[in-house]
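This report concerns only the one structure given below.
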Amino acid sequence: WWARSSHSRRAEGQPSRPKVSTCSMVAAMSGPAPRINSTLLQQRVGMLVTVVGKVKPGAGEGAFVHLEGSDGGDIVVNRSQAVQGEYGSEFVEVIGTVNPDRTVTEAKFTNFGSDFDLKQYNDLVLLSNGALKHLFQ
């Protein structure tokens, strides 16, 4: 449904879709990817997850990128398998697999812009992995 014919144009004032880069769209969409923070990485080794974080200054280039997770912890994203391209915003969502060393191998990312409240997002992460977990399964 994202496909557009060469004759269609985006309506004036309508927001454009976020930039998404994929390595393996099939892998990224093959199952649920629970939203987690840096503290929960150790519980999800080998699993597909979703993390949101702030790209740390000077850490947004190369095969490994450091994000400040929603809980303030460090999340290292392995981008070596991803379609190369720099993140285009201060905050990003990454879907990927948690490795034994607690890095996340990126399968897909979405730019979230420069105005995102990590604290409120972390509240959602805590609820979706705690008291309200049944609503997110």
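Worth pointing out:
- SER114 meets each of the listed conditions (1) out of contact with any Pro (no Cβ under 8 Å at 6 or more places or on another chain); (2) polar (S, T, N, Q); (3) under 16 Å from PRO34 (Cα atoms); (4) open to solvent by 20 Å² or more (accessible area, probe 1.4 Å) apart from (3).
- Meets criteria (at pLDDT 95 or above, open to solvent by 30 Å² or more (accessible area, probe 1.4 Å) and closer than 17 Å to SER38 by Cβ) for ASN122: no
- Among residues of the range 69-105 being of a type in the set (A, V, I, L, M, F, W, C) and in contact with a Cys (Cβ under 6 Å, 6 or more places away or on another chain), the one that is least open to solvent (accessible area, probe 1.4 Å) is ALA82.
- Hits in the range 36-53 - residues which are crowded, with 20+ Cβ neighbours inside 10 Å and either basic (Lys, Arg) or part of a loop (DSSP other than H, G, I, E, B) (or both): ILE36, ASN37
- Hits in the range 75-128 (condition: in a loop (DSSP other than H, G, I, E, B), on the phi < 0 side of the Ramachandran plot and under 14 Å from the mean Cα position of the chain (by Cα)): ARG79, ALA82, GLU86, TYR87, GLY88, SER89, GLU90, THR103, PHE112, PHE116
The values are calculated or read from the model by the stated rules, or taken from the named source; none is laboratory data. Keep in mind that what you see is a predicted model, and the values were worked out from it rather than measured. No Cβ is skipped: glycine too gets one built from the backbone with ideal geometry, and neighbour counts run over all protein chains shown. Just so you know, the surface numbers come from the protein's heavy atoms only, side chains and all, with ligands and any DNA or RNA stripped out. Shrake-Rupley method; radii C 1.70, N 1.55, O 1.52, S 1.80 Å.
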